Amino acid sequence: MVELTRRIHEGAIGKVACGLAYYYCGHVDLPEWSGASPEEKRLRNWAWDIKLSGDIIVEQNIHVIDMCNWMLGGHPVKAMGARSRKARTDAGDCSDNFNVVFTYPGDVQISFGSTQFDNPTFDACVELFGTDGASEAHYDSRVNIVGKNKWDAGLEAPKEGEQFSAAGTFKGSLDQADPEKQKAFVASITSGEFHNQAALGAESAMSAMLGRTAAYSGKPITWEELQKSKEVLDPKIDISKFA
């Protein structure tokens with residue numbers, strides 16, 4: 001994906017017109033925690049709780065939204081969308097699907113979708129469509145460019161019966177992700193060219209929050225409006241009880 005993004009930035013697919021991003025995932029299975037108090041169960045099962053996780057678009061889907069920011073070189077300027085909870089059966093209150101249209105600088109529209117409930121599908125991907133070609137970046141296989149400047153990472157498709165696991169059994173493009181990140185981290189220290197990803201991380205979190213806010217409100221939300229938001233997600237849990 002690093003090589004793909006470098007080529008996109010150098011113009012391999014030309015001027016980007018629009019794109020598609022998605023994170024389709026099964027449910028997050030968590031223990032019952034028998035004997036625990038209701039507050040402790042909420043805390044331990046934080047991924048089911050909007051006020052503890054930020055909902056699935058902030059807690060999980062942020063990874064492909066971050067990829068969009070990286071590949072497009074900036075954050076969305078506005079968003080509009082919808083969400084619902086129709087298929088989840090856990091005790092929490094998180095959504096089980098989001099559908100959002102993010103607008104990036106230059107009026108580039110990215111259609112984003114996600115799921116998190118019991119279904120047989122897993123796929124996370126960003127596709128961009130430009131004047132000279134298109135790019136495709138899956139978590140598993142197919143990381144390529146088609147069109148004027150063809151390129152393919154040469155990843156094999158998963159064998160029959162194999163499935164990517166969001167819990168850490170990576171196939172395809174994420175096979176070497178952690179080793180490569182570790183090497184880059186050490187090299188940044190030994191070379192003195194330190195990495196500081198804090199601002200970009202905050203920007204990606206805000207981008208996901210922009211999509212969440214638009215989906216819950218049902219109204220278009222701009223980046224500037226989100227910056228002025230006074231919304232607070234307070235779980236109202238007294239953690240001193242667990243000391």
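The values are calculated or read from the model by the stated rules, or taken from the named source; none is laboratory data. What you are looking at is a predicted structure, and each value in this text was computed from that prediction instead of being measured. Counting neighbours? That spans all protein chains shown, and the Cβs are built from the backbone with ideal geometry, glycine included.
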For segment 211-228, give me each residue that is charged (D, E, K, R), assigned to a helix (DSSP H, G or I) and more than 20 Å from the chain's Cα centre (by Cα). Glu224, Glu225
Of the conditions (1) modelled with pLDDT of 90 or more; (2) closer than 26 Å to Glu10 by Cβ, Gln176 clears all except one; give me its number. (1)
Is it the case that Ala184 is under 21 Å from Asp49 (Cβ atoms) and assigned to a helix (DSSP H, G or I)? no
Which of the residues belonging to segment 10-38 are in contact with a Ser or Thr (Cβ under 6 Å, 6 or more places away or on another chain), more than 30 Å from Gly92 (Cα to Cα) and not small (Gly, Ala, Ser)? Ile13, Lys15
Top-ranked residue in segment 45-90 [being of a type in the set (A, V, I, L, M, F, W, C) and within 18 Å of Asn119 (Cβ to Cβ); ranked as surrounded by the fewest Cβ atoms within 10 Å (Cβ to Cβ)]: Ala87
Could you give me the residue pairs with C-beta distances under 8 Å whose first residue belongs to segment 103-126 and is over 15 Å from Val28 (Cα atoms), whose second residue is among the basic types (Lys, Arg) and assigned to a strand (DSSP E or B) wherever it lies, and which are 6+ apart or on separate chains? Thr103/Lys78
Restricting to segment 6-34, name every residue that is surrounded by 15 or more Cβ atoms within 10 Å (Cβ to Cβ), at pLDDT below 95 and more than 20 Å from the chain's Cα centre (by Cα). Leu30
Residues in segment 29-54 that are assigned to a loop (DSSP other than H, G, I, E, B) and not charged (D, E, K, R): how many? 9
Identify, by number, the condition in (1) farther than 21 Å from Asp238 by Cα; (2) at pLDDT below 95 that Ser37 doesn't meet. (1)
If I go through segment 129-146 residue by residue, how many of them are within 15 Å of the chain's Cα centre (by Cα) and in a strand (DSSP E or B)? 2
Looking at (1) surrounded by 14 or more Cβ atoms within 10 Å (Cβ to Cβ); (2) more than 15 Å from the chain's Cα centre (by Cα), find the lone condition where Ser111 falls short. (2)
Applying the selection to segment 93-104, what residues are more than 15 Å from the chain's Cα centre (by Cα) and either under 21 Å from Ala177 (Cα atoms) or surrounded by fewer than 21 Cβ atoms within 10 Å (Cβ to Cβ) (or both)? Asp93, Thr103
Return yes or no: is Leu72 under 22 Å from Gly201 (Cβ atoms) and out of contact with any Ser or Thr (no Cβ under 8 Å at 6 or more places or on another chain)? yes
